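Encoded as structure tokens, the structure appears first; notes follow it.
The values are calculated or read from the model by the stated rules, or taken from the named source; none is laboratory data. Worth saying up front: this structure is predicted, and the values here are computed from it rather than measured. Neighbour counts are summed over all protein chains in view; Cβ atoms, including those assigned to glycine, are modelled from backbone coordinates with ideal geometry. What goes into the accessible areas is simple: the full protein's heavy atoms, side chains included, and nothing from ligands, DNA or RNA. Shrake-Rupley method; radii C 1.70, N 1.55, O 1.52, S 1.80 Å.
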Amino acid sequence: MEKISYTKSQQLFERAQQHIPGGVNSPVRAFRSVGGSPVFIKKAKGAYLFDEDGNRYIDYINSWGPMILGHAYQPVVDAICAKVADSTSFGAPTELEIQMAELIKSMVPNVDLIRMVNSGTEACMSAVRLARGYTGRNKIIMFEGCYHGHADSFLVKAGSGIATLGIQSVPGVSKALANDTLTAPYNNLNAVESLIAQHPDEIAAIIIEPVAGNMGCIIPMKGYLDGLRGLCDKHNIVLIFDEVMTGFRLAPGGAQQLYNIRADLVTYGKIIGGGLPVGAFAGRKEIMQHIAPMGSVYQAGTLSGNPIAMIAGYTLLNELKENSFHYKELEAKTKKLSGAIRKLLAEKGIAHTINQLGSMMSVHFGSHPVTDFESAKACNKDLFNKFFHHMLNHGVYLPPSAFESWFISSTLSEEDIDQTLSALENFPS
Ligand code: HOZ
């Protein structure tokens, strides 16, 4: 196949680098680890991205999760257009915010109160502050390779862009704050137990992606999340599920519903905004009532509960709530795709491990099980980079990093899956 042309994208990248750090507004987009220059997107519809050179790609990122029903999902587009004429922000309460809270509470277990924010980062940062304020303790435990946004407390052994760029420690994060973040390997309960034993009555919260999506897709082992719940109960630690990726994606009630485990606090982002910048944190009243103005743990935002973001998220969540068949279909498609890729790579004799749960999956080039950050890092990155560019050049847009999950949308068709597989057939063994 002829190499497709990226001329316009390359020109735009040159221009972008003169004005924007690294030419991008979020590091993973820069293609630094896979090499080459990023594709500039002009528009998207359904399962497809269209770049500035007129190339079409089957999209396996879907804006890193929000586009679960595909790009430019018509009911969301219509709802935004209808709402926008009434102004884009008030900085004052609206009925729509109540409707949004009511809808989320009807979908998600164990939530009495919910506060809307503007991103997943804000949600996780605020949840940790709340846990600290509620318990009067400072330390938190997070897991190597997880990513909870770019707030200072979370940039210790984190996944996503930190892992992609191989950043060991982040300048600008004070030692004092970094010392309050303890890390344990994912899927290792003993490591968490020993951290708790080393820091008795010091740990405010354990924050975890219940299914990790920032070191590829990593699935919790049987009993692991239950074990964390038990430890938190025993030691009065606030258990925070970061469901920015998994919320409304793995089930209407997210991983809490899927694994039947109740976290004390839960954070959301991505799907909750239908593609607009939204996040949220939520939990039982006993804890949430400490947030201002009910309590004195301060948190605020001029654009929080923004009407355009609310109507986009409300419309998407409502569809997911009313039509739970979406989840079955998404899972079936993702299983089919991952199973077929597994078969093809095996036929080619390429060592690989594919993790898949619901509509999240990732391809790792290594024959060992990928269950944590170490095993994810031990995979063949050079081969992933070749795979990424091969697929891109055949019209398939994958995450430009081995440390990210794929997100499947309901608009992905059988033909799209077939096209993806034929692209892979040409991948040299
Ligand atoms: N860190 C995001 C994925 N885990 C990437 C966000 C972006 O670059 O848009």
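Brief remarks on what is shown
- Residue in the stretch 44-66 that is free of Cβ contacts under 8 Å to residues at least 60 places away in the same chain, part of a helix (DSSP H, G or I) and open to solvent by 40 Å² or more (accessible area, probe 1.4 Å) present: no
- Hey, Thr121 surrounded by fewer than 19 Cβ atoms within 10 Å (Cβ to Cβ) and either within 21 Å of the chain's Cα centre (by Cα) or over 30 Å from Val396 (Cβ atoms) (or both) or not: no
- Ile354 modelled with pLDDT of 95 or more, touching a strand residue (DSSP E or B) at 6+ places or on another chain (Cβ under 9 Å), open to solvent by less than 20 Å² (accessible area, probe 1.4 Å) and more than 16 Å from the ligand (Cβ to nearest atom): yes
- The condition (being out of contact with any helix residue (DSSP H, G or I) (no Cβ under 9 Å at 6 or more places or on another chain) and of a type in the set (Val, Ile, Thr)) is satisfied by just one residue among Ile219, Ile196: Ile219.
- From the list Leu96, Leu103, the one residue that fits, being away from the ligand (no atom under 16 Å from the Cβ), under 24 Å from the mean Cα position of the chain (by Cα) and modelled with pLDDT of 95 or more, is Leu103.
- Test: Lys343 is modelled with pLDDT of 95 or more, open to solvent by 50 Å² or more (accessible area, probe 1.4 Å) and outside any strand (DSSP E or B): yes
- Boolean, Ser26 is within 16 Å of the ligand (Cβ to nearest atom) and at pLDDT 95 or above: yes
- 3 or more residues open to solvent by 30 Å² or more (accessible area, probe 1.4 Å) and free of Cβ contacts under 8 Å to residues at least 24 places away in the same chain: qualifying helices (runs of 4 or more DSSP H) within the stretch 223-292: 224-235
- A Cβ distance below 6 Å, combined with a sequence gap of six or more or placement on separate chains, defines the contacts here; from the stretch 159-177, residues that are under 17 Å from Ser26 (Cα atoms) reach no residue that is of a type in the set (Asp, Glu) and within 16 Å of the ligand (Cβ to nearest atom).
- Residue check for Lys348: surrounded by fewer than 19 Cβ atoms within 10 Å (Cβ to Cβ) and touching a Phe, Trp or Tyr at 6+ places or on another chain (Cβ under 8 Å): yes
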